[in-house]
Amino acid sequence: MIYELPVVHSCGNLHKFLHFFSPKLAHSHSPVSHDWRVQKLKSLIDVDPAKVQWNLDQVCRELRLCVSARQARRLFNECMGMGIKEYRMKRRLDAAARELGTTDMAVKVIAGKAGYRHASTFTKHFLKQFHLRPIDFRRFWNGRDTAA
């Protein structure tokens, strides 16, 4: 048996790459995916996922959703196929991945902007979502991948 080097295929642009690892963000699983309450919560998270650190009961009142935090979690999960916290974390990591691919900012700074107190926690979550460490992700997207 002869060893052959693995072939890396381009996924296109950064958005397509992120979608490959986060397909749930684009597709919902339920016919109630257009529930206005879920859309309001989703929009709030999408605006700035790093700053959304809140008490869900209070948010439901402020957005006038007319549901409890428990019911909001159930609706969100049913519509999006994932929980609010998971969605928020994925959005934070997607934003961080965009910054890694487009800036030369230090990983520690990007981790802080994404809402992580420690770069090691950020790295652990980034690795879990993208199967690459943040620094390797940056090298790959900037064409400095020397692994081949």
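Here region 89-148 is the region considered, the condition is being open to solvent by 60 Å² or more (accessible area, probe 1.4 Å) and of a type in the set (Gly, Ala, Ser), and the residue that is nearest to residue 45 (Cα to Cα) is 120. Only residues that are outside any helix (DSSP H, G or I) and open to solvent by 80 Å² or more (accessible area, probe 1.4 Å) were counted across region 65-81, and they come to 1. The set of residues in region 94-135 that are closer than 28 Å to residue 55 by Cα, touching a residue at least 40 places away in the same chain (Cβ under 8 Å) and in a helix (DSSP H, G or I) comprises 94, 95, 97, 98, 113, 129.
The values are calculated or read from the model by the stated rules, or taken from the named source; none is laboratory data. All values reported here derive from a predicted model rather than from experimental measurement. A quick note on method: Cβ atoms are made from the backbone with ideal geometry, for glycine too, and the neighbour counts reach across all protein chains shown. Note: areas computed on protein heavy atoms with side chains; ligands, DNA, RNA excluded. Shrake-Rupley method; radii C 1.70, N 1.55, O 1.52, S 1.80 Å.
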